[in-house]
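Read through the structure below, which is laid out as structure tokens, and then see the notes.
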Amino acid sequence: MGYTLAQKIIKSHLVSGEMAVGNEIALRIDQTLTQDATGTMAYLEFESMGVPRVRTERSVAYIDHNTLQSGFENADDHRYIQSVAAKHGIWFSRPGNGICHQVHLERFGVPGKTLIGSDSHTPTGGGIGMLAFGAGGMDVAVAMGGGAYYITMPKMFKVNLTGRLQPFVTAKDVSLEILRILSVKGGVGAIIEWGGEGIASLSVPERATITNMGTELGATTSIFPSDEVTRAFLAAEGREADYVPLAADPDACYDRVIDIDLNTLEPLIACPHSPDNVVKVASLAGTKVDQVCVGSCTNSSLMDMYKVAALLKGRTISPDVSMSVSPGSKQVLKMLASSGALSDILSAGARLLECACGPCIGMGFSPNSAGVSLRTFNRNFLGRSGTADAKVYLVSPETAVAAALTGTITDPRTLGAMPHIAMPDRFVVDDSAVLAPADPESAKALPILRGPNIKPFPEARPQLDSLRAELVLKVGDNITTDHIMPAGAKILPYRSNIPYLSQFCFAVCDKTFAARAQEAGESIVVGGSNYGQGSSREHAALVPLYLGVRAVVAKSFARIHVANLINAGIMPLTFANPDDYDKIAQGDRLSIHCVWQGMETGTMTLEDETNGAKITLSCHFTDRQKAILKAGGLLAYTGTQLQ
């Protein structure tokens with residue numbers, strides 16, 4: 001039996017473990033990336049290991065999230081990251097150079113390499129044939145130090161594409177279709193490989209849109225083969241030497257195969273407040289729209305922007321709509337400007353924003369109160385836009401433009417003929433905003449520049465053999481990391497200040513949580529299915545740790561969040577019987593005894609001292625994870641391992 005494409009890359013990077021589904025495996029990591037919302041913490045963690053220089057082939061620090069500088073905090077963090085990068089062998093992408101995933105795809109991604117990034121949309125690299133994972137900052141710090149990256153060996157899903165996309169139907173619609181089929185939980189525990197004759201008509205940016213959105217499926221990652229389309233993209237970037245042909249074996253075996261006929265696909269839209277709440281655009285025609293945003297790491301490529309410009313040319317945006325456009329990189333912006341396409345966008349009445357994440361993370365351009373916003377982004381979680389009662393829809397750039405022109409949700413196929421888009425054979429390459437690190441000898445004398453907003457880590461708390469604590473919060477299904485630790489312009493500047501950040505923890509669900517958790521001293525949180533979906537932000541584990549949360553009990557967890565909880569020293573436990581979720585209530589006094597024995601057997605007993613209920617919990621920790629929890633977290637466990 002042959003190997004899938006992902007299995008081939010895993011096999012060539014395997015450090016330890018058996019490639020059997022469900023086993024823990026360790027992978028050698030070739031490249032890492034960070035962004036500034038998670039990067040400050042990741043580099044503080046890296047520093048704490050005492051490793052003088054990164055041991056990866058390439059590590060890049062991007063400034064793309066916290067670029068709104070209304071105080072000293074973000075600027076100080078940028079300065080800190082730049083100084084760490086210069087000293088420790090990390091390339092530094094300056095503010096304004098672009099969104100990490102777009103720039104990495106353009107300038108650094110290499111087919112067949114492994115990449116982990118402290119951002120959940122790192123699987124964007126799968127569009128170029130990389131095995132790319134979103135991870136917590138601690139995992140990225142360990143990888144930079146030369147340590148392995150640990151995952152559970154995933155299942156393999158195959159999506160076969162046939163036919164060809166019709167005019168006004170896009171890669172974003174492919175992403176929304178697979179979300180409609182699988183849901184935000186359907187990819188958990190799986191790598192999704194894309195294939196079939198239909199992929200030949202998809203460019204690398206289109207493929208990257210699809211692998212980017214694979215994160216919303218809960219998938220471990222997503223990947224396309226590396227073929228002649230890949231070669232052409234790399235050649236256009238002046239990097240054809242990086243091309244390596246990669247494909248699955250003809251007799252590779254998959255756990256599930258899904259067929260999508262591109263010929264029959266129609267424009268789709270994800271309704272509030274979940275990426276899998278997908279319907280046809282035509283079914284919502286006439287719905288009033290207040291705001292339109294084009295950009296994010298999902299749809300900010302040159303191809304996306306050229307389409308937007310061509311559809312806006314000679315037209316004017318509805319007076320009832322506010323529209324923003326955020327190019328994904330400086331390269332995209334420069335080519336838009338030199339071609340005249342940028343003028344077409346501006347003349348139509350759109351606002352040009354910085355080459356950064358911006359509105360996608362609630363960093364500016366929030367909708368009006370109760371506003372309807374159509375966005376080409378990847379997430380539409382409640383409140384993520386920065387406006388608590390906004391209704392955010394996810395769409396393709398073509399559907400976004402149709403709404404901007406008409407003032408209502410409109411099937412873009414009603415706009416007339418789709419203009420022909422000619423992509424250049426060569427991109428304008430300008431790496432002047434990417435700073436190389438100092439050489440090893442010069443780096444020794446370089447200082448690390450720290451601002452007053454950078455605070456110490458939460459204190460490590462080794463897991464004891466018994467736990468007795470209050471159930472301080474009980475929440476439902478699909479709790480995201482945005483619920484646990486919100487983003488936005490008011491909060492993101494404090495990502496390196498855990499004490500200050502803690503007051504916002506779970507504020508979306510319960511504004512009293514932080515105060516009650518601190519008063520309780522030690523506490524337990526209970527959740528429903530798919531707890532911790534969404535962003536890879538480890539702050540959703542570090543801040544609860546600071547507030548005294550010792551365990552989270554849920555019906556099921558998202559992959560990255562489980563790793564982050566363990567890395568922080570918090571036990572993730574699941575109900576053996578999901579119906580037992582209903583037997584306990586917020587405010588109950590809970591206890592778990594014989595914790596260490598339970599780690600070995602895979603079963604623990606939760607006693608509700610308030611109502612007398614006894615509930616069986618499941619836990620499936622590897623020996624390494626048990627040791628991490630007993631030590632009080634990954635840093636305590638590995639602090640001296642990489643010297």
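The values are calculated or read from the model by the stated rules, or taken from the named source; none is laboratory data. The shown structure was predicted, so the numbers you read here are calculated from the model rather than taken from an experiment. Cβ placement follows ideal geometry from the backbone for every residue including glycine, while neighbour counts extend to all protein chains displayed.
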Matching helices (runs of 4 or more DSSP H) fully within the stretch 475-524 where at least 1 residues are at pLDDT 95 or above: 481-484, 513-520
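Taking residue 32 as the residue in question, decide whether it is at pLDDT below 95, hydroxyl-bearing (Ser, Thr, Tyr), assigned by TED's automatic domain parsing to the domain that holds residue 119 and buried (at least 18 other Cβ atoms within 10 Å of the Cβ).
Working: at pLDDT below 95: no; hydroxyl-bearing (Ser, Thr, Tyr): yes; assigned by TED's automatic domain parsing to the domain that holds residue 119: yes; buried (at least 18 other Cβ atoms within 10 Å of the Cβ): yes.
Against the criterion (at pLDDT below 95, hydroxyl-bearing (Ser, Thr, Tyr), assigned by TED's automatic domain parsing to the domain that holds residue 119 and buried (at least 18 other Cβ atoms within 10 Å of the Cβ)), residue 32 does not qualify.
Filter the stretch 482-507 down to the residues that are aliphatic (A, V, I, L, M) and either surrounded by 22 or more Cβ atoms within 10 Å (Cβ to Cβ) or over 18 Å from residue 457 (Cβ atoms) (or both) and list them by number. So that I can check it myself, show each step before the final result.
First, the residues of the stretch 482-507 that are aliphatic (A, V, I, L, M): 484-485, 487, 489, 491-492, 498, 501, 507.
Correct list: 484, 485, 487, 489, 491, 492, 501, 507.
Scan the stretch 567-596 residue by residue and report those that are in a helix (DSSP H, G or I), of a type in the set (A, V, I, L, M) and buried (at least 24 other Cβ atoms within 10 Å of the Cβ).
The one that is in a helix (DSSP H, G or I), of a type in the set (A, V, I, L, M) and buried (at least 24 other Cβ atoms within 10 Å of the Cβ): 568.
Being surrounded by fewer than 19 Cβ atoms within 10 Å (Cβ to Cβ), touching a residue at least 40 places away in the same chain (Cβ under 8 Å), β-branched (Val, Ile, Thr) and more than 20 Å from residue 498 (Cα to Cα) narrows it down to one residue among 54, 21, 60; which is it? So that I can check it myself, show each step before the final result.
Details: 54 fails: surrounded by fewer than 19 Cβ atoms within 10 Å (Cβ to Cβ); 60 fails: surrounded by fewer than 19 Cβ atoms within 10 Å (Cβ to Cβ).
Exactly one of 54, 21, 60 is surrounded by fewer than 19 Cβ atoms within 10 Å (Cβ to Cβ), touching a residue at least 40 places away in the same chain (Cβ under 8 Å), β-branched (Val, Ile, Thr) and more than 20 Å from residue 498 (Cα to Cα), namely 21.
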Top-ranked residue of the stretch 119-130 - restricted to ones that are among the small types (Gly, Ala, Ser) and either modelled with pLDDT of 95 or more or in the same structural domain as residue 242 (by TED's automatic domain parsing) (or both), ranked as surrounded by the fewest Cβ atoms within 10 Å (Cβ to Cβ): 129
Top-ranked residue in the stretch 408-442 [being touching a residue at least 60 places away in the same chain (Cβ under 8 Å), surrounded by fewer than 16 Cβ atoms within 10 Å (Cβ to Cβ) and of a type in the set (Gly, Ala, Ser); ranked as nearest to residue 281 (Cα to Cα)]: 417
Filtered residue count, the stretch 597-619, keeping only those that are outside any strand (DSSP E or B) and surrounded by 14 or more Cβ atoms within 10 Å (Cβ to Cβ): 5
Odd one out for residue 445, checked against (1) within 22 Å of residue 311 (Cα to Cα); (2) assigned to a loop (DSSP other than H, G, I, E, B); (3) at pLDDT 95 or above: (1)
The lone exception for residue 205 - which of (1) touching a residue at least 60 places away in the same chain (Cβ under 8 Å); (2) outside any helix (DSSP H, G or I) it fails: (2)
Count of residues meeting criterion [among the charged types (D, E, K, R) and part of a helix (DSSP H, G or I)] in the stretch 31-84: 7
Per-region count, the stretch 142-180, residues over 17 Å from the mean Cα position of the chain (by Cα) and in a helix (DSSP H, G or I): 9
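Name the residues in the stretch 630-643 that are in a helix (DSSP H, G or I) and either over 16 Å from residue 573 (Cα atoms) or at pLDDT 95 or above (or both), would you? Quick ask: steps written out before the conclusion?
Step one: of the stretch 630-643, the residues in a helix (DSSP H, G or I) are 630-631, 634-638.
Of everything in the stretch 630-643, those that are in a helix (DSSP H, G or I) and either over 16 Å from residue 573 (Cα atoms) or at pLDDT 95 or above (or both) turn out to be 631, 634, 635, 636, 637, 638.
Name every residue in the stretch 492-510 that is touching a helix residue (DSSP H, G or I) at 6+ places or on another chain (Cβ under 6 Å) and either touching a residue at least 60 places away in the same chain (Cβ under 8 Å) or closer than 21 Å to residue 558 by Cβ (or both), in order of residue number.
Filtering the stretch 492-510 down to residues touching a helix residue (DSSP H, G or I) at 6+ places or on another chain (Cβ under 6 Å) leaves 492-496, 498, 500-503, 505-506, 508-509.
492, 493, 494, 495, 496, 501, 505, 506, 508, 509 - these are the residues of the stretch 492-510 that are touching a helix residue (DSSP H, G or I) at 6+ places or on another chain (Cβ under 6 Å) and either touching a residue at least 60 places away in the same chain (Cβ under 8 Å) or closer than 21 Å to residue 558 by Cβ (or both).
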Checking residue 538 against (1) charged (D, E, K, R); (2) surrounded by fewer than 24 Cβ atoms within 10 Å (Cβ to Cβ); (3) touching a helix residue (DSSP H, G or I) at 6+ places or on another chain (Cβ under 6 Å), the condition it does not meet: (2)
Condition met for residue 278 (farther than 23 Å from residue 365 by Cβ and either in contact with a Cys (Cβ under 8 Å, 6 or more places away or on another chain) or assigned by TED's automatic domain parsing to the domain that holds residue 386 (or both)): yes
